[in-house]
Structures are given as structure tokens and as C-alpha cells.
1. Among the residues that make up the range 77-93, is at least one of them under 22 Å from Gly176 (Cα atoms), in the same structural domain as Ser144 (by TED's automatic domain parsing), β-branched (Val, Ile, Thr) and modelled with pLDDT under 95?
2. Looking only at helices (runs of 4 or more DSSP H) that lie completely in the range 90-205, which have at least 3 residues being charged (D, E, K, R) and more than 15 Å from the chain's Cα centre (by Cα)?
3. Of all residues being under 22 Å from Asp158 (Cβ atoms) and of a type in the set (Val, Ile, Thr) in the range 211-254, which is surrounded by the most Cβ atoms within 10 Å (Cβ to Cβ)? Just the residue, please.
4. Being exposed (fewer than 12 other Cβ atoms within 10 Å of the Cβ) and polar (S, T, N, Q) narrows it down to one residue among Asn81, Asn162, Asn117; which is it?
5. Taking the range 5-31 on its own, how many of its residues are loosely packed, with under 11 Cβ neighbours inside 10 Å and not in a strand (DSSP E or B)?
6. What single numbered condition from (1) without any contact (Cβ under 8 Å) to a residue 40 or more places away in the chain; (2) more than 30 Å from Lys246 (Cβ to Cβ); (3) of a type in the set (D, E, K, R) fails to hold for Asp146?
Amino acid sequence: MTYTQTGYKFLEGNVVKIQGIKYRYHKSREMEGTIKTMTLKRTPLGEFFIAVVTDHVATGKTENMSRTAIGIDFGMKTFLNLSTGEKIDSPLFLRQSMMDLKKAGRNHSTKKKGSANRNKAKLHLLRVHERISNQRRDWFWKTSKDLCEKYETIVLEDLNLNGMQRIWGRKISDLGFAEFLGILEVQARKHNTKIVYVGRFFPSSKLCSSCGAINRNLELRDRVWTCRICGEVLDRDLNASRNILKEGLRLLAG
């Protein structure tokens with residue numbers, strides 16, 4: 001439930017008054033600026049969270065004054081392939097916790113419906129899901145912050161996430177590309193980093209980053225290929241990230 005300017009009031013001593021009823025809350029950080037909206041959210045575990053939006057503009061402190069541009073290619077094997085050659089692997093928190101999830105799911109399914117034990121088992125299952133979600137989100141925030149502090153411009157592909165979800169299913173959910181992009185854009189605004197997207201039909205993998213020749217016969221299983229024009233041996237993901245960077249800088253130049 002979201003409130004705008006009425007229906008709530010923040011009082012001293014970490015107390016908020018909502019619809020005439022007072023509630024005590026834990027404040028995770030000081031509120032800066034004038035509150036514009038307040039959202040009250042209840043999780044599946046029954047926990048309540050308050051999120052406020054203010055007119056304060058947050059800015060990250062970026063000490064690196066010589067930031068450059070970077071091209072990034074998303075991958076199924078390696079989460080982020082950077083045009084510098086660096087590779088960032090996803091921890092795949094869902095896969096790490098799959099045994100815990102299965103155990104919690106079996107425990108829940110064996111309990112009698114409507115019983116207190118079934119309700120306890122359900123809460124435990126929800127906690128496992130929430131832990132995975134929190135771990136993934138925390139890693140996204142830290143990784144995106146590190147990228148925005150290092151680079152002034154980040155160039156990415158405009159991914160067809162819905163199509164990828166239909167093909168790879170749970171793997172795409174575990175990687176969480178969409179959530180990462182949303183968090184990266186938030187961090188970019190804080191650190192004054194430009195986010196540039198190249199078209200999803202741009203042949204980043206098939207272009208030779210050395211001479212620009214197109215390998216129309218390249219298949220998904222080809223992780224390394226040799227350009228028939230210049231003879232350059234190309235790593236598929238690194239080559240794609242370098243082409244993405246070049247295209248992004250071209251788009252920026254107009």
C-alpha cells in the first residue's frame with residue numbers, strides 16, 4: 001500500500017502513525033529530504049517493511065577521476081564478460097541452496113493440511129526462498145556499485161529477457177539479469193555513470209572485433225573461432241563485449 005502526503009506521520013523514537021494507529025519500527029538509515037511517498041509492504045513471511053521516497057538526490061562518492069568506458073556481454077556460463085577481459089561469475093545462489101529448498105519442500109508436503117506443523121514448515125520454506133533472494137540482491141548491489149565506481153560509461157545489450165526465460169527457465173531466474181539491470185541503473189544515477197544499450201539484433205558475437213568481418217556461420221556451441229579475413233583467434237564472449245563497447249561509443253558519438 002502506498003501513501004502520498006497523507007495517512008501517516010513519522011514521530012520521534014522510531015514511531016510511525018498510520019491511519020491513526022502507532023507502530024514502532026527499526027530505522028535502517030536516516031531519511032534525508034522531504035518525504036514524497038511512503039510504501040508499506042508485507043512479505044510472504046508476514047514481516048512489514050516501510051519504504052519512503054524523498055526529494056533528496058543521492059550521489060555516490062567516486063574517487064576514480066580517470067574512469068573509462070566498458071562493454072559488457074551477459075552470458076549463461078559467465079554472468080558478465082567485460083571488454084577488458086575480466087570475467088565475473090554469478091554465485092548462482094538458487095543452485096547452491098537447491099538441496100535446502102528440496103528438503104524444506106518435502107518437509108512441508110508431508111505435514112497434515114491445516115496443522116500448526118504444516119504452517120511452521122511453510123514459513124521455513126519461505127525463509128529459504130527469502131534468503132536466496134536476499135543473497136542475490138546483495139551481490140547485485142555490490143557488483144553494480146563496483147562497476148559504476150570504475151567506469152564512466154557502461155555499454156550493454158538490450159536483452160530479450162522474456163525469450164531467454166522461455167528457453168532456459170530456472171537458470172535465467174537464478175542469474176536474475178532483469179533485477180541486476182534495474183539495480184545497475186540505480187547505481188549509475190548515483191555515480192553519474194552513463195548506461196548505453198545497443199540493439200538486441202546487433203551481431204556482437206558474429207563480428208570480428210579486429211577487422212569487422214561477419215562470421216554468419218557462427219553457432220552457439222562455438223566458444224572460440226578464427227576470423228577467415230584477418231586470421232584473428234577470438235574468444236566468443238570477449239569478442240562480443242568489445243563489439244558492444246565499440247557500438248555503444250558509436251551511438252554516443254551520434
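The values are calculated or read from the model by the stated rules, or taken from the named source; none is laboratory data. From a predicted model like this one, the values you see are computed outputs, not experimental measurements. FYI the Cβ positions are ideal-geometry reconstructions off the backbone, even for glycines, and counts take in every protein chain you see.
1. Taking every residue of the range 77-93 in turn, at least one turns out to be under 22 Å from Gly176 (Cα atoms), in the same structural domain as Ser144 (by TED's automatic domain parsing), β-branched (Val, Ile, Thr) and modelled with pLDDT under 95.
2. 98-110, 116-150
3. Top of the filtered list is Ile244.
4. Working: Asn81 fails: exposed (fewer than 12 other Cβ atoms within 10 Å of the Cβ); Asn117 fails: exposed (fewer than 12 other Cβ atoms within 10 Å of the Cβ).
The unique qualifying residue is Asn162.
5. The qualifying residues number 11.
6. Answer for Asp146: the failing condition is (2).
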